[in-house]
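Notes follow once the structure below has been shown.
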Amino acid sequence: MLSGKVIRVARPTDRLAEVVRFYTNGLGLQIIDRFEHHEGFSGVMVGIPGESYHLEFTHQQGHLVGCAPTQDNLIVFYIPDRQEWEYAVDRLKAIGSEPVKSYNPYWDVSGLTFEDPDRYRIVLQNTSWET
């Protein structure tokens, strides 16, 4: 069982500074850790301090990883409070990011989809997640 554990979603990028700016200045996450030139890799972890999950973005010197493989590679953020959701949308727009049509039309019903600098997509879903 995984209860009480930390979840880190990690992925490489060729645009480390731009991606970190998207998730911090745009989405409002905070840098919770970083490392530089560790065996050829640099990385930044972003998230909400105190939570048991975060995103890690890494860059390997001299290695190209390219962009998202499909338009359906998503990270979904459920933000049920309308005012908080609108604030998140406004933050992303303020850094020049505009919503894109979702590959799966389900996500356009109660949310907006944005692409990060690597064309990975996030969905800001204006609903709560129910199990």
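Rule-based calculations on the coordinates, nothing more; no lab input. The structure presented is a predicted model; accordingly, all values stated were derived computationally and were not measured. So basically every Cβ, Gly included, is an ideal-geometry build from the backbone, and we count neighbours across all protein chains shown.
For the subset of the stretch 39-91 comprising residues that are touching a His at 6+ places or on another chain (Cβ under 6 Å) and over 15 Å from Ile122 (Cβ atoms), which member is surrounded by the fewest Cβ atoms within 10 Å (Cβ to Cβ)?
Selected residue: Ser42.
For the stretch 72-117, enumerate the residues that are touching a Lys or Arg at 6+ places or on another chain (Cβ under 6 Å) and not in a strand (DSSP E or B).
Of everything in the stretch 72-117, just one residue is touching a Lys or Arg at 6+ places or on another chain (Cβ under 6 Å) and not in a strand (DSSP E or B), namely Pro117.
Using the structure shown, decide if Thr70 is of a type in the set (Ser, Thr, Tyr) and over 29 Å from Ser110 (Cβ atoms).
Answer is no for this residue.
What is the number of the single condition among (1) over 27 Å from Asp90 (Cβ atoms); (2) assigned to a strand (DSSP E or B); (3) among the acidic types (Asp, Glu) that Asp14 does not meet?
With (1) over 27 Å from Asp90 (Cβ atoms); (2) assigned to a strand (DSSP E or B); (3) among the acidic types (Asp, Glu) applied to Asp14, the lone miss is (2).
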